[in-house]
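Have a look at the structure below before the remarks.
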Amino acid sequence: RDNCGIVVFYGGAITSAGTGAGATVTVRGQGGNTSGSGGVNWGVYLRDAGLITSSGGTVLVEGTGGGAGESSSNYGVLVFSAGTITSGGTGGATVQGLGGSSAGSDNHGVYLNGVNSRITSAGGDITVTGTAGTGTGRFGIYTTSSGRVNGATGTPLLTLVADSTGGGIIETRVV
């Protein structure tokens, strides 16, 4: 249980040290427990103001859920409770999630859950690609409780690619 690849909690941050377009951030996580039965095997997990960001360059986050047997809730990327993935400047944000391959339920590719949980950019384009894992009740992109994907400024191109969507509303307006 609780075998996550990358975890960013309680105001922690992964960010670039440089500035400008060359200051890119790449994060790749793989959920564990690929031979047991316990759930919560998330590739990348942000919560409680956890942040992945750049200082002007692009941000790429890739997560693959783990799990095996009857395990459930094996998310590729989970952004929860005010977690944020964002790019600064004109850099874009790309998030790719693949749900776990177990027989359990809720193996979502990209899951946004909770107030102020978001994938955003300060002007660059945003691409979110979610592929549901195996099992039941799974979605490529799943949003609940005010989780959102949106541009913070400017008019970024928003691209959502998923084999299925569910939950709440995917917010596509610029705020």
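What follows is calculated from the coordinates using simple rules that are stated; it is not laboratory data. Not measured: the values here are computed from a predicted model. Every residue, glycine as well, gets a Cβ built from its backbone with ideal geometry; the counts of neighbours run over all protein chains shown.
Descriptive notes on the structure:
- Centroid-to-centroid separation of the range 62-99 and the range 120-163 [C-alpha atoms, Å]: 10
- Net charge, Gly83 excluded, C-beta distance under 14 Å - Lys, Arg +1, Asp, Glu -1: +2
- In plain terms, the chain from Asp48 to Thr26 could stretch by 5.8 nm, reckoned as 0.36 nm per residue minus the Cα-Cα distance.
- Taking every alpha-carbon pair under 8 Å whose residues sit at least 6 apart, the chain reaches a relative contact order of 17 percent.
- Listed residues Gly124, Gly114, Gly32: farthest to the positive end of the dipole of the chain (Cβ charges): Gly124
- Whether the range 36-84 is rounded, prolate or oblate, judged on the alpha carbon gyration tensor where a/c under 1.5 counts as rounded: oblate
- Computed over the chain with a Gaussian network model linking Cα atoms closer than 10 Å, the most mobile of Gly20, Gly147, Gly65 is Gly20.
- Extension reserve of the Ala103-Val115 stretch, reckoned as 0.36 nm per residue once the Cα distance is removed: 1.3 nm
- Rounded to the nearest 20, the Cβ-based charge dipole of the range 50-175 about its Cα centre (Lys and Arg +1, Asp and Glu -1) stands at 240 debye.
- Using a Förster distance of 25 Å, the FRET efficiency for Tyr10-Thr136 (Cβ separation, nearest 0.05): 0.15
- Identified option (computed Rg and Dmax of the Cα atoms in Å; candidates [x] 16.6, 58; [y] 14.9, 46; [z] 16.5, 54): [y]
- If you sort the three axes of the alpha carbon gyration tensor as a ≥ b ≥ c, you get a/c of 1.5 or more for the range 78-121 and a/b no higher than b/c, which makes it oblate.
- You can think of it this way: the chain between Ala17 and Ser35 has 2.8 nm of extra reach, that is 0.36 nm per residue less the Cα-Cα gap.
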